[in-house]
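The values are calculated or read from the model by the stated rules, or taken from the named source; none is laboratory data. As the structure is a computational prediction, the values presented were derived from the model and not from experiment. We place every Cβ from the backbone using ideal geometry, glycine too, and count neighbours over all the protein chains shown. Accessible surface is based on the protein model in full, side chains and every heavy atom, while ligands, DNA and RNA are left aside. Shrake-Rupley method; radii C 1.70, N 1.55, O 1.52, S 1.80 Å.
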Amino acid sequence: MAYLAGNMMTVLKQFGSFSTYLRDDPPHLMIASAAKYMANHKEIESFVLERDPQMVDRVMERELEELKMARKNPAMQILQKTTGKMMAAISWMDKNTVMIGWKAAYDYQISQGKSEAEATRYAQKATLETQPSARAKDVAQIYRSQEGFNWFLMFTNQLNKNWNILY
């Protein structure tokens with residue numbers, strides 16, 4: 001975790017997640033959403049969080065999700081606090097990327113004449129299908145079982161795929 005947190009390339013990998021939203025959102029709406037987010041990120045954040053409760057405690061890496069679940073152990077509490085601070089830049093970049101993409105997907109559906117509920121469902125689906133997630137309900141079964149086997153899967157996560165596509 002320390003290596004990931006201190007590696008600027010890991011932070012920049014999050015930027016590649018923008019491109020995966022282009023499957024669901026036209027480029028001009030992604031750019032417009034990014035401009036709106038830069039101008040008033042608090043308003044966009046509250047807009048998204050109000051409509052999508054899954055975005056409130058979103059976690060992008062399985063290890064961070066497991067640390068979150070292991071709160072009872074005092075050693076894990078210390079590790080969680082330390083890791084949380086170290087991973088702040090990565091989490092910040094991921095959050096911004098996802099907020100912009102979510103809002104662009106929502107705006108696209110509204111521009112197509114869809115209702116607010118339909119646009120919200122579309123944005124949720126676009127985010128779940130294109131962005132890395134660590135929640136057990138959002139990842140494939142193969143990632144949820146057999147801890148030893150996960151060592152062979154560590155470079156198959158979505159963030160790594162995004163980086164390889166960009167590279």
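State yes or no: is ALA104 at pLDDT 90 or above, open to solvent by less than 80 Å² (accessible area, probe 1.4 Å) and in contact with a Ser or Thr (Cβ under 8 Å, 6 or more places away or on another chain)?
yes
Looking only at the range 73-83, decide whether some residue is among the charged types (D, E, K, R), modelled with pLDDT under 90 and buried (at least 19 other Cβ atoms within 10 Å of the Cβ).
No - not one qualifying residue is present in the range 73-83.
Kindly check whether there is at least one residue in the range 33-41 that is at pLDDT below 90, surrounded by fewer than 21 Cβ atoms within 10 Å (Cβ to Cβ) and not β-branched (Val, Ile, Thr).
No, the range 33-41 contains no residue that is at pLDDT below 90, surrounded by fewer than 21 Cβ atoms within 10 Å (Cβ to Cβ) and not β-branched (Val, Ile, Thr).
Would it be correct to say that SER17 is open to solvent by less than 50 Å² (accessible area, probe 1.4 Å), assigned to a helix (DSSP H, G or I) and at pLDDT 70 or above?
Yes: the conditions hold for SER17.
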